[in-house]
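To start, the structure under review is shown below, and the notes come after it.
No lab work stands behind these numbers, since they all come straight from the coordinates. From a predicted model like this one, the values you see are computed outputs, not experimental measurements. Positions of Cβ are generated from backbone atoms using ideal geometry, with glycine treated the same way; all protein chains shown enter the neighbour counts.
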Amino acid sequence: MKQIGFFDGSNRLKKLSALGDPLEKLNHVINWLMCAGTLNKVFAKEHKGVGGRPSYSYLLMFKILILQRLFNIGLTNLIYNL
């Protein structure tokens with residue numbers, strides 16, 4: 001088994017970008033900052049105390065839902081791929 005190199009991750013992203021990564025296309029089409037502001041207003045809640053793990057980013061969860069609908073991925077398959 002080949003050991004992962006320091007630049008393997010960035011090289012893989014360059015190859016995906018050259019092939020036409022659909023996630024990059026979405027980033028050019030959708031203004032995520034506008035969505036983030038709205039999501040944070042809608043789902044804002046008061047912290048009840050210290051402790052517990054921090055919640056996931058609302059924007060991250062929204063992006064996951066967009067990808068699920070766009071590529072017609074079921075919940076089980078989505079959880080497996082995450």
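Below 15 angstrom from the Cβ of Gly5, what's the summed charge of the other residues (Lys, Arg +1; Asp, Glu -1)?
Charge balance in the 15 Å sphere: +3.
Arrange the peptides 48-59, 27-38 so that the one whose residues have, on average, the most other Cβ atoms within 10 Å appears first.
Working: 48-59: 8.8, 27-38: 11.3.
Going from most to least packed, we get 27-38, 48-59.
So between Leu82 and Ser55, what do we pick up on full extension, going 0.36 nm a residue minus the alpha carbon distance?
Full extension of this stretch gives 8.1 nm more.
Kirkwood Rh, the chain, all Cα pairs: how many Å? Mind dumping the intermediate values first?
Details: mean 1/r = 0.0628 Å⁻¹.
Final number for the Kirkwood radius of the chain is 15.9 Å.
Let me know the charge dipole size of the chain about its Cα centre in debye, to the nearest 20, where only the beta-carbon of Lys, Arg (+1) and Asp, Glu (-1) is charged.
The dipole of the chain has a size of about 80 debye.
In a GNM of the chain with a 10 Å cut-off on Cα contacts, which of Lys14, Lys25, Lys63 has the highest mean-square fluctuation?
For the chain, modelled as a Gaussian network with Cα springs under 10 Å, the answer is Lys14.
How far apart, in nm, are two points set 7 Å out from the Cα along the Cα-to-Cβ line at Asn11 and at Asn31?
4.0
Once you list every other residue whose beta carbon is under 12 Å from the beta carbon of Leu19, what net charge do they have if Lys and Arg are +1 and Asp and Glu are -1?
+2
How much net charge surrounds Pro54 when only other residues with a Cβ under 15 Å from its Cβ are counted (Lys, Arg +1; Asp, Glu -1)?
Computed value for this residue: +2.
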